[in-house]
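Below: the structure, in structure tokens.
Each reported figure results from applying straightforward, stated rules to the coordinates on display, with no laboratory input. Model, not experiment: these values are computed from the prediction. No Cβ is skipped: glycine too gets one built from the backbone with ideal geometry, and neighbour counts run over all protein chains shown.
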2 protein chains.
Amino acid sequence: MVDTPRRQQIDDVASALFRDRGYAATSVRDIAHALHIQGPSLYAHVASKEDVLWSIVTRAADRFNAEVGPIAASEAPAPVKLREMIRAHVDVVTSAQRDAAVFLHEWRFLSDDRRTQMAARRDAYEALFRHAIAEGVAAGTFESVDPRLTAMAILSALNGIATWYSPEGPLSPAQIANQHADLFLRSLTCDPPRRPSA
Amino acid sequence: MVDTPRRQQIDDVASALFRDRGYAATSVRDIAHALHIQGPSLYAHVASKEDVLWSIVTRAADRFNAEVGPIAASEAPAPVKLREMIRAHVDVVTSAQRDAAVFLHEWRFLSDDRRTQMAARRDAYEALFRHAIAEGVAAGTFESVDPRLTAMAILSALNGIATWYSPEGPLSPAQIANQHADLFLRSLTCDPPRRPSA
């Protein structure tokens, strides 16, 4: 179970299969086949299919935290902080797209104990966004929105990128990040008086 | 295959199973078991597990179109229209939550032909939102955003509600819809001049 290049290769191949077919419809034999090895050889590296899922989901969670955590912990004003957090989150979603998709959609297939652990990590991560929004509301730089609902709306929009982004598409990750940041920051920092929005 | 109460009961039970366990991990036997009937009896009503998925996904797509389509086709100004479309979409997501979750996450398990058909329906539905946004941009009532990216951001945020909404939660469907509509309409209709959003 040591982290060798082979181990990482297994995660990479499995991440693509889990994303394309779903975790439940992918067998250990499928993973081995994609690596051009025999099923039993795969068990020299991993104990179970669920271990592979756990490894992929964990490295995705680690990556989100490594990129967004330091920004969230900074002393930047809320609008600057939230914009940078959005940029960092989009960077992970677009550069680790397969892992992000597995992290978002397949994590529910983890065993109970691991699913509980991962649910706690996800909640802690969402809290980084809730707190950044709450800081802006408290400072009066943001509209008085519900930080929980607003954080969920922002993260759902950003996570949706994992399902439609293509490196061959017309928009670069930086453009996608900026347009999402503009969309949400414009809403949160809109100066009153404004016209009624219907 | 006629639409009897039994047929609808099968869809309801299967929708819950597909949502909770995923389509691939649910067997026809599981569906029969949940209905307290034998597997073979189920085949008197449905030809295959995929037929059940198709039925659920189709009724969800029908519901979204029935609720949102007439609003999209109306002559209302873009801000009014988009707000009402958001309300209608959230109404379906919260009142047909299981079907919506299956529609959003399990449709990729359809056979190639049906998946292609459903992809076209999904695109036509997304186009209702793209067009409403483009109308507002063209009329000058909306900021000059990218209608495609903005429609995806809005729909991803609204679809995320299917994963976190609980009828026992603190917010009613109407409150959730209004807060999402406020969030996006404030961004789209924000009056210049405004302060730079960082």
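For region B:118-131, backbone phi angles converted through the Karplus equation (6.51, -1.76, 1.60; θ = phi - 60°) give residue-by-residue couplings of 6, 4, 5, 5, 4, 5, 5, 5, 4, 5, 4, 6, 4, 5 Hz, Gly and Pro being listed as x. In a DSSP loop and with at most 14 other Cβ atoms within 10 Å, the trypsin sites (Lys or Arg not before Pro) in region A:109-198 are A:ARG194.
Stretching A:SER74 away from A:SER95 to a fully extended chain increases their span by 5.2 nm, per 0.36 nm per residue minus the current alpha-carbon distance.
Each of the GluC sites (Glu not before Pro) that DSSP puts in a loop and that has at most 12 other Cβ atoms within 10 Å breaks chain A; the longest unbroken stretch is A:76-167.
With θ taken as phi - 60° and the Karplus curve 6.51 cos²θ - 1.76 cosθ + 1.60 applied, the whole-hertz 3J(HN,Hα) list for region B:64-79 is 4, 5, 5, 7, 8, x, x, 5, 4, 7, 6, 8, 4, x, 3, x Hz, x standing for glycine and proline. The simple Förster model, with R0 at 35 Å and r as the Cβ-Cβ distance, assigns B:TRP164 and B:ALA138 a FRET efficiency of 0.55. Each helix, a run of at least 4 DSSP H residues, gives -39500 (n - 2.57); summed and divided by the residues of chain B, these come to -23500 deg cm²/dmol at 222 nm.
Each of B:SER15, B:ILE31, B:ALA96 was placed along the dipole of region B:1-154 (beta-carbon charges, centred on the mean Cα), and the one lying farthest toward the positive end is B:ILE31. The convex hull defined by the C-alpha atoms of region B:57-189 has an orientation-averaged projected area of 7.7 nm². Dipole magnitude for the protein assembly as shown: about 120 debye, using +1 per Lys or Arg Cβ and -1 per Asp or Glu Cβ, origin at the Cα centre.
The 3J(HN,Hα) values that the Karplus relation (6.51, -1.76, 1.60; θ = phi - 60°) gives for region A:30-43 are, in residue order, 4, 5, 4, 4, 5, 9, 6, 10, 7, x, x, 5, 5, 5 Hz. Gly and Pro appear as x. Given R0 = 30 Å, the distance between the Cβ atoms of B:ALA66 and A:ALA25 translates into a calculated FRET efficiency of 0.40.
Measuring nothing but alpha carbons in region B:3-121 and taking Rh as the Kirkwood radius, the Rg to Rh ratio lands at 1.05.
Percent of Cα-Cα pairs more than 29 Å apart in the protein assembly as shown, please. I get 48 percent for the Cα pairs in the protein assembly as shown exceeding 29 Å. Relative contact order of chain B: 23 percent, from C-alpha pairs under 8 Å at least 6 residues apart in sequence. Counting every other Cβ atom within 10 Å of each residue's Cβ, A:ASP112, B:ASP99 order from fewest to most as A:ASP112, B:ASP99.
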